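Engineer: Handing you this structure, nothing more for now.
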Amino acid sequence: MRKLLTVAAVLAMLALPALAQDAPKAELFGGYQYTRINPGSGIPGQNLNGWNAALTGNLGQTLGITADISGAYKTVAGISNHDHFFLFGPTLASHSNESFTPFAHALFGVAHASGGGFSDNAFAMALGGGIDVKVADHVAVRVGQFDYLMTRFGSATQNNFRYSAGIVFRFE
């Protein structure tokens, strides 16, 4: 976790000098998500695949507010497991470079897990960031978004990992 927080801090520091170029008013992201769920209590971890979508409204050069919704799925022993995340929070991004945009975010919200007749909601938090690479005037590729994804199902903390990649549409 310490390494992820260090990466998030470095990305946030990179976002501060973004004064040379206007940020887009909004950014819409959609793409693939890989999630490593670590339930704890002696239960082995699982690799899940799914989707991730996010909408960021930029309030200025560096600060934005992000709504991030995602789903991750896996079938184990004939039981389909579904995890969905509904997260919101601040994003710091550096729009000073024409070619790429590093960003960091701290997102908070709810996780919903279901499968095998079981369903539960819990607090969730994603701390991380990534890099978008411009491919056209209003389009970028999110080459990587890396998040420490914490959930609190039951009375235990689950320390998970999330990687996302996909397309970003920018609106002026």
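The values are calculated or read from the model by the stated rules, or taken from the named source; none is laboratory data. Keep in mind that this is a model prediction, so the values were computed, not measured. Here Cβ is always computed from backbone atoms with ideal geometry, including for glycine, and neighbour counts include all displayed protein chains. SASA here: full protein model, heavy atoms, side chains in, ligands and nucleic acids out. Shrake-Rupley method; radii C 1.70, N 1.55, O 1.52, S 1.80 Å.
Engineer: For region 100-157, just the Cα atoms, rotate onto the principal axes and tell me the three extents in Å, largest first.
Structural biologist: Largest to smallest, the principal-axis extents are 46, 21, 14 Å.
Engineer: In Å², and per residue, what accessible area does the chain have when probed at 1.4 Å with the other protein chains present?
Structural biologist: In whole numbers, the chain has 50 Å² accessible per residue.
Engineer: Can you find, among V133, F153, I69, the residue farthest towards the positive end of the dipole of region 19-172? Put +1 on the C-beta of Lys and Arg, -1 on that of Asp and Glu.
Structural biologist: F153
Engineer: If you line up the long axis of helix 2-15 against the longest principal axis of the chain, both from Cα atoms, how many degrees apart are they, to the nearest 10?
Structural biologist: 20
Engineer: For region 23-134, what is the relative contact order in percent, using Cα pairs closer than 8 Å and at least 6 residues apart in sequence?
Structural biologist: Working: 275 pairs, mean separation 21.1, N = 112.
The normalised contact order for region 23-134 reaches 19 percent.
Engineer: Round to a whole number: what % of the accessible area of region 15-172 belongs to carbon and sulfur, probe 1.4 Å?
Structural biologist: Taking all protein chains in place, region 15-172 shows 65 percent carbon and sulfur surface.
Engineer: Now, a different point. If one computes the Cα centroid of region 106-137 and of region 30-60, what distance in Å separates the two points?
Structural biologist: About 5 Å separates the Cα centre of region 106-137 from the one of region 30-60.
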